[in-house]
Amino acid sequence: MAHLAVKTGSVLGKLYVPRYGKSYHRTIAEGTDPNVLYGPGLGHYVGTEMPGAVGNFAIAGHRLANGGPMKDIDKLRVGDLAFVMTNKTWYEYTYLAGTIVKPTNVGVIYPQPEGLAGATPTGQYMTFTSCTPPHINTKRIVAWFSLKATFPTSAGTPADLKAALKKAK
């Protein structure tokens with residue numbers, strides 16, 4: 001996993017998930033320690049790839065605490081879109097599948113995610129993880145996405161994001 005070291009707490013970008021509602025967007029910061037998960041709200045797992053890279057860009061967020069950035073992770077449906085906006089690039093991902101695992105099953109965030117049917121060594125994935133059931137924290141809910149497209153931020157909001165937000169509640 002070759003990528004630049006990023007300081008814990010550094011902002012990497014913003015996440016947009018139309019399935020989570022028209023106004024949903026959350027900051028993604030480096031690290032999954034409490035300062036990140038109770039601060040910006042979404043944390044990038046140290047050692048996983050950056051958006052758009054071959055491998056797995058994996059992020060964690062609470063279901064209910066700190067505004068519930070992953071409250072609706074269980075509502076995702078195959079084909080749903082999620083977008084990551086960094087300083088220079090929009091990354092558009094498509095939801096593939098989800099599962100529930102034990103907290104010790106860290107393979108779900110590996111470059112070739114364990115448990116994701118059809119995952120390949122050259123895939124470009126994004127994974128969300130959160131605790132489940134809410135407030136109980138005995139398992140992890142996982143959502144896997146695959147990179148669909150990239151766009152320069154200078155081109156403005158991607159058309160697919162605009163269209164999905166028009167349909168969102």
Do any strands (runs of 3 or more DSSP E) lying entirely in the stretch 1-118 carry at least 3 residues that are in contact (Cβ under 8 Å) with a residue 40 or more places away in the chain and farther than 23 Å from Ala149 by Cβ, and which ones are they?
-> 89-101
Residue in the stretch 90-123 that is farthest from the chain's Cα centre (by Cα), counting only those that are closer than 21 Å to Arg19 by Cα and among the polar types (S, T, N, Q) | Thr99
Would you mind finding the one in Thr153, Thr132 that is surrounded by fewer than 21 Cβ atoms within 10 Å (Cβ to Cβ), among the hydroxyl-bearing types (Ser, Thr, Tyr), over 20 Å from Val46 (Cα atoms) and at pLDDT 95 or above?
-> Thr153
Lys167 passes all but one of the listed conditions (1) within 17 Å of the chain's Cα centre (by Cα); (2) of a type outside the set (A, V, I, L, M, F, W, C); (3) more than 21 Å from Gly68 (Cβ to Cβ); the exception is number (1)
Here is a list of conditions, (1) modelled with pLDDT of 95 or more; (2) more than 12 Å from the chain's Cα centre (by Cα), and Asn66 meets all of them except one; can you say which number that is?
-> (1)
Given Tyr45, Tyr38, Tyr24, which one is touching a helix residue (DSSP H, G or I) at 6+ places or on another chain (Cβ under 7 Å), of a type in the set (Ser, Thr, Tyr) and farther than 15 Å from Met126 by Cβ?
-> Tyr38
Which ones in the stretch 102-160 are β-branched (Val, Ile, Thr), within 14 Å of Ala60 (Cα to Cα) and touching a helix residue (DSSP H, G or I) at 6+ places or on another chain (Cβ under 9 Å)?
-> Thr127, Thr129, Thr132, Ile141, Val142
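The values are calculated or read from the model by the stated rules, or taken from the named source; none is laboratory data. A quick note: this is a predicted structure, and the numbers were derived from the prediction, not measured. Neighbour counts are summed over all protein chains in view; Cβ atoms, including those assigned to glycine, are modelled from backbone coordinates with ideal geometry.
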